[in-house]
Amino acid sequence: AGSALTVAYTLRLLWGVFGTKRAVAPTRPSGIGWAFAGPAAVLAVAGLAVGGFAPAVDRMLAAYADTVYAGTAQAGSAGPVQMGPVQAADALVVPYRLALWHGLTPALGLTALALAAGAGLFLLAARLPGEVRSTGARAYDRVLTWVGRLAVELTGATQRGSLPFSLGVILLVLVALPGGVMLAGRPWSAEGRPWDTPAQAVVAAAVIVAAVIAVRASRRLTAMILVGVTGYGTAVLFVLHGAPDLALTQFLVETVTIAMFVLVLRRLPPRFSRRPSRRGRAAIGVAVGVVAAGMAYAATSARQAEPISSGFADLAVSYGGGDNVVNVILVDIRAWDTMGEIAVLVAAATGVASLIFRGSAALRRRTGSPAPTSRARVAGRWLATSPHPATGGTSIILQVVTRLLFHVIVLLSVYLLFSGHNQPGGGFAAGLVCGLALTVRYLAGGRAELNAAAPVDAGAVLGAGLFVAVGTGAAAMLLGGDVLQSATLDLTLPVLGEVHLVTSVFFDVGVYLIVVALVLDILRSLGAPIGADDISMDDSSLKGTMKEEPV
């Protein structure tokens, strides 16, 4: 039907442009030379010519086209059979081939039917009275008006500019549609156990209680801490389930998230607005949690085929050269996915920092305030750039502890980076640890202290990390392997002795640099107002001991 309508309005268009009408005087186009008509003529003639050489084109393309045939079940087999491209092509009932004439086929018949039906609709429309055609045009315009009005009403009802309301609509649709289908179909089995050990039940109960209280909390900081409890509880569940790598990453992500939340919450009101209903939010949250848990349980209990990850443990050693299955999956088995994820991290960090700094510059232009500056370094300090410990509004204990632990934390991150291929760790976790070291340094001494700890541009480090990761994959290809393929090297070094090196560690180094730069970029963007607060304080007591220098 759609093809027939396409033929009908195409004929109507051609007749309207080129056809001869009784009430319209014929016109002859002028000024059309070969320079204008030549390209279209060349394409038209080339299309006709290539159509006659379809068998020759088929021989050139068939070798590539046959590689996309999926494996099919052979006669009498109990399930899908793995076949090569040639076997799969032979197993198909009607293999696809490029030809000018395939014979009398159903596709040819449907094409002829669409052409005939379209021509019939065109002739029928041409014989209709003008009143009927104008009535159809008015009906079409009226339908468009109704659709536009419906869109306006629907948008006004669902998009009010309120973030809680918009999120509530999205979550209610999630509960109603997938949740309703899940309840109607019941795609789960009755077998299963609620927990492996009672400790898991205790931790899960603590997570649930923290989540419920977080919804009912009136202060933003309290809610953020309770949400952090749910994240740390999830990490404990990973530990109890025997997944130390996931637990380590979850602990680090939750800690970094809390630090970032603190930086943001300093610029927000201490309490939530009382307009949204707490009971409504709690009900939506419980419903979404139940539906999400039900879908996860249904997905795992409805599995019929053997999981693809069942052979990853052996492949991690034989193919990836490492004992840490999680890290080998990230940097070797599915390194392409990790490459895409770190590219998204680079784009997100650049976008967030650009928006925040652009907004800060616009605000300074509107208010006429000067750009922020930092204080110079002075003698007699606990940190590299800190003024006298009694000034600055920072904790002396935090400054001392930061001075003692900063280098130890950075050294720990380097250890996690290079040991992650066989032990819990890896580039992502190591980058988060180094980012936490920079966060502590920033909270203890402000922006000047952060610049002293990391006197580099975050954007340059992001680009360097992405360059190292991509360069690792390109180097493997240039050396005759596949993109991002790793190699195992056993070396004997003078001091270290026997060293087992896998080239995917360089890909992990790229991930490490990107994560460190991401945290550094967030601190300098979200934490920029802290530096502004330090500058706006009364510094009359510091005159003569320091000078101002631009950042």
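Values in this text are rule-based calculations from the coordinates and carry no lab data. None of the values given here were measured: they were computed from a predicted structure. Reconstructed Cβ throughout: ideal geometry from the backbone, glycine too, with neighbour counts over all protein chains shown.
Structural remarks
- Under 5 Å from the amide H of V502 lie the amide H atoms of L489, each residue being 5 or more positions distant or on a separate chain, with H modelled from the backbone and absent for Pro and chain starts.
- Shape call, the stretch 203-309: gyration tensor on alpha carbons, a/c limit 1.5: oblate
- For trypsin sites (Lys or Arg not before Pro), the sites in the stretch 244-342 that DSSP calls loop and that have at most 10 other Cβ atoms within 10 Å are R267, R274, R303.
- Prolate/oblate/rounded label for the stretch 162-256 (Cα gyration tensor, a/c 1.5): oblate
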